[in-house]
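*Asks:* Provided herewith is a single structure, encoded as structure tokens, for subsequent inquiry.
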Amino acid sequence: MSAEDDRRVVRRAALRVGALVAGASVVAIAGGVGILVWVLVSGAREEGGGHRPGFGPPGGDRFVVDLDDVLPRVIGLGLVGVVVLGLVGWAAARWSVGPLDDALRRQRAFVSDASHELRTPLTALTSRIQIVQRRLQRAEPADEPVAQLRRDAQVLDDVLTDMLLTAEGAAQTGTSSIAASVRAAVAGLDALADDAGVNVRTGALADVVVAVPAVTVVRMCTALLDNAVGHTPAAGTVTVTARDEGDDVVIRVADEGHGIADADLPRIFERFARGAESGRRRGFGLGLSLVREAAARAGGRIEVESTSPAGTVFALRLPRAR
């Protein structure tokens, strides 16, 4: 949303709150006056005579009201009015801060998402820079790692653009090649995998097109691969494949970790959830939840296909382009 959209939302909220308070005040005052008149009339009696309900005694006679009878009712009515207006004020306050609460929630979500999404490409950039430095010190050619640095910088820019558009409710649309997107994700993580001593292997990749932008597919695959590398012991292997299964394309990422505990399975896709066994690095957290959210926006889904002490397989299902 733009700044003008935010101001428009705030103005609409202010108008709604003003209308609510004004309408509730009118109803409360009118109702209070009506009840007060009814209390006074019902407690009236003819002067010097007995009790006579109604609006005015016959013949224009004067009537009186016993204060001892009416005063408790008036006080009770006033207390009820105070409570009613207090509830109206409370409801109006909650209504008025609704847009602010939504803005703060989106801001917190964006900050946490950005801190996670940018961690992997920034770490990859750092690793590439170290490789370039070592090659330059040894007077070795550095054209390849420099080209990879440029590619990683472009990936970082694409991720930022995709995140900003998503936060504004205008996520990118388009199609992408599954094979190319998976290979891009693997290439972006090769430096991190090397540092961890984990081999990332690409299996059979169906050469099909999905109805999801390439940057989004790369983001999801990167998160799954990063999670798999983090839970695979040194000298282990992470395998990624992609198969065409009817209307969907299924990307499977298999690690050789210790599996997921039964108690953790229901919550591994929740934000900030951590497994009891979290690997060398951070356990289940934002990465898997972001994959689930991105897959849902694209009309797909992510699931744990299998898990055991020998490893875990995540299956990412995305719709084919029609």
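The values are calculated or read from the model by the stated rules, or taken from the named source; none is laboratory data. Every value quoted in this text rests on a predicted model; they were computed, and no experiment measured them. Quick reminder, even Gly has a Cβ in these numbers, built from the backbone with ideal geometry, and neighbours come from all protein chains shown. To get the accessible areas, we keep the full protein, side chains included, count just its heavy atoms, and leave off ligands, DNA and RNA. Shrake-Rupley method; radii C 1.70, N 1.55, O 1.52, S 1.80 Å.
*Asks:* Could you look through segment 280-306, keep only residues that are of a type in the set (Gly, Ala, Ser) and not in a loop (DSSP other than H, G, I, E, B), and pick out the one that is modelled with the highest pLDDT?
*Replies:* We begin by selecting, within segment 280-306, every residue of a type in the set (Gly, Ala, Ser); these are 283, 285, 287, 289, 294-296, 298-300, 306.
Still in the list and also not in a loop (DSSP other than H, G, I, E, B): 287, 289, 294-296, 306.
Working: Gly287: 80, Ser289: 85, Ala294: 88, Ala295: 92, Ala296: 92, Ser306: 95.
Out of the qualifying residues, it is Ser306.
*Asks:* Which pairs turn up if I take residues in segment 264-279 that are at pLDDT 80 or above and look for partners that are in a loop (DSSP other than H, G, I, E, B) with beta carbon separation below 7 Å, at least 6 apart in sequence or on another chain?
*Replies:* So the pair list comes out as Asp264/Gly275; Asp264/Ala276; Asp264/Phe284; Arg267/Ala273; Ile268/Ile260; Ile268/Gly275; Ile268/Phe284.
*Asks:* On to the next question. Just for segment 1-21: of the residues that are assigned to a helix (DSSP H, G or I) and small (Gly, Ala, Ser), which one is modelled with the lowest pLDDT?
*Replies:* Our first condition is that a residue be assigned to a helix (DSSP H, G or I); within segment 1-21, this holds for 3-21.
This time we only want the ones that are small (Gly, Ala, Ser), so: 3, 13-14, 18-19.
Values: Ala3: 60, Ala13: 71, Ala14: 70, Gly18: 73, Ala19: 76.
Once the filter is applied, the top-ranked residue is Ala3.
*Asks:* Then there's this: Which of the residues that make up segment 108-122 are open to solvent by 30 Å² or more (accessible area, probe 1.4 Å), assigned to a helix (DSSP H, G or I) and at pLDDT 70 or above?
*Replies:* Arg108, Val111, Arg119, Leu122
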